[in-house]
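Here the structure is laid out as structure tokens; the discussion comes afterwards.
The values are calculated or read from the model by the stated rules, or taken from the named source; none is laboratory data. All values reported here derive from a predicted model rather than from experimental measurement. Neighbour counts run over all protein chains shown; Cβ positions are idealised from the backbone, glycine included. Quick note on the areas: whole protein, heavy atoms, side chains included, nothing else; ligands and nucleic acids left out. Shrake-Rupley method; radii C 1.70, N 1.55, O 1.52, S 1.80 Å.
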Amino acid sequence: MLPLGTVIKQCCKVSWTWKIEHAQPLVQSRQLSCVQPGCPQDVLRRTPLYDFHLAHGGKMVAFAGWSLPVQYRDSHVDSHLHTRRHCSLFDVSHMLQTKIFGHDRVKLMESIVVGDIAELKPNQGILSLFTNEAGGILDDLIVTNTSEGHLYVVSNAGCWDKDLALMQDKVKEFQNKGSDVGLEVVDNALLALQGPTAAQVLQAGVTDDLRKMPFMTSAVMEVFGVSGCRVTRCGYTGEDGVEISVPAIAAVHLATALLKNPEVKLAGLAARDSLRLEAGLCLYGNDIDEHTTPVEGSLSWTLGKRRRTAMDFPGAKIIVPQLKGEVQKRRVGLVCEGAPVRAHSPILSTEGTVIGAVTSGCPSPSLKKNVAMGYVPFKYSRPGTQLLVEVRRKQQMTVVSKMPFVPTNYYTLK
């Protein structure tokens, strides 16, 4: 069996290749639910669109316990640029979708995340973080306060077991104290339509006026004849777009309907990774993890103002004081000369001392420059600071840069 890196190199016939450091081996040994009862425990999970991907030329790789397309017939770069100029359809059904319901749902969620969930208006969402008592980030997630009386939560597939156990344990804890809370895993597919023409494409299949739905808002609607879809204006590319939670049985119908518009092309993990990096967005397990606090990860903005004052979220005693002082390390953007920079490449001072490491990096198709992010001591974190990175034992110049590298185009009400 070929290593995943080799598989990706053979799939991506471009001058540079895509890689996600925590992509999984092609066979995974940990227990996974399967498509059919009684199947072997080491089989990768498949989304409802698995056969659809194969029929459209998807090159499948293992990622976070799932078999997902890294790209289709178009090259990685072509898919990336098509998303920036038109729109692309991504299968993100591997993400964990849950509902938290009951009278005490907000109190429960605020006991495990750093955000101000109570201030969310109906059908408004927020990016938040699960944290531990040491201040480390357990995962990043989106929480939406639905008008249907529950919280809709989307978190990362790579943290599926950990996140679900965290929420289930907290539900049991609250229930044992007499609180009114419950949890349900949502067994829907999840499709992301991303790019400047995404709303135009989707509008043809819905009766709701998408001009009234700004970034991080959500609504349940019929989409191209499929009822009961939750459409959330968000994404992982820096572009305008939506994520559509659709009943699994109708996922292929919806994907097929969207692809009938010539604006839409399929895109895979490779484009998704380079798009999110250009947008300065973190990949959990690479750029943030249990050993990174929100302040170190340059995610202080996720900390709700009321929550900071109350200091009532996990790890607050560690995190809140960091807001007023210097932290030992900070996540920064880097624009690099020379060969492409990859995760784990050492970052050095101009004197040649190793001071940090790259956590994500790739050539930017939009900028035609090498971009990366990584951690450096606070005193080296100011934009414009000249540093070095080591690639294949050779030192190259790099400069600390503001993020996002490419301006975001999220839709807001004028």
Taking only protein heavy atoms and a 1.4 Å probe, the highest-to-lowest accessible-area order of Tyr72, Tyr50 is Tyr50, Tyr72
Taking the range 194-281, which trypsin sites (Lys or Arg not before Pro) meet the DSSP loop condition and have no more than 16 other C-beta atoms within 10 Å?
Lys260
Restricting to DSSP H runs of at least four residues, report the calculated mean residue ellipticity at 222 nm for the chain, -39500 (n - 2.57) per run over all residues, nearest 500 deg cm²/dmol.
-5500 deg cm²/dmol
Per-residue SASA entry for Trp66, accessible area with 1.4 Å probe, Å² rounded to 10:
20
Taking H placed 1.01 Å from N in the peptide plane, check which residues at least 5 places from Asp139 or on another chain put their amide H under 5 Å from its amide H.
Phe130
Would you work out the relative contact order for the range 294-414, in percent, from Cα pairs under 8 angstrom that are 6 or more residues apart?
25
Give the Cα extents of the chain along the principal axes, in whole Å, largest first.
60, 52, 52
The long-range amide H neighbours of Ser147, using H built 1.01 Å from N in the peptide plane and a cut-off of under 5 Å, are Asn123
Taking amide H atoms as placed 1.01 Å from N in the peptide plane, list the residues 5 or more away in sequence, or in a different chain, whose amide H sits under 5 Å from that of Val358.
His344, Ser345, Ile347
HN-Hα J in Hz across the range 313-319 - Karplus 6.51, -1.76, 1.60, θ = phi - 60°, x for Gly and Pro:
10, x, x, 4, 5, 8, 6
So which aspartates and glutamates can Lys369 reach, going by Cα to Cα under 12 Å and dropping same-chain residues fewer than 8 places off?
Glu278, Glu337
Straight-line reach only, C-alpha to C-alpha below 18 angstrom: list the aspartates and glutamates that Lys172 could link to, leaving out same-chain residues fewer than 8 apart.
Asp104, Glu110, Asp161, Asp163, Asp180, Glu184
How about Lys329: which aspartates and glutamates have a C-alpha closer than 16 Å to its C-alpha, ignoring those fewer than 8 places off in the same chain?
Asp287, Asp289, Glu290, Glu296
Please work out whether the range 233-330 counts as rounded, prolate or oblate from its C-alpha gyration tensor, where a ≥ b ≥ c are the square roots of the eigenvalues and a/c under 1.5 means rounded, while otherwise a/b larger than b/c means prolate and anything else oblate?
prolate
Which ³J(HN,Hα) values in Hz, rounded to whole numbers, follow from the phi angles of the range 281-294 under the Karplus curve 6.51 cos²θ - 1.76 cosθ + 1.60, where θ = phi - 60° and Gly and Pro get x?
8, 7, 9, 5, x, 9, 9, 9, 6, 5, 9, 10, 8, x
Sequence order, the range 349-366: Karplus ³J(HN,Hα) from phi using 6.51 cos²θ - 1.76 cosθ + 1.60, θ = phi - 60°, Hz rounded, Gly and Pro as x, gives 6, 5, 7, x, 8, 5, 10, x, 8, 6, 10, 8, x, 6, x, 7, x, 6
For the ranges 320-333, 234-247, what's the packing order if you count other beta-carbon atoms within 10 Å of each residue, average per peptide, and put the highest first?
234-247, 320-333
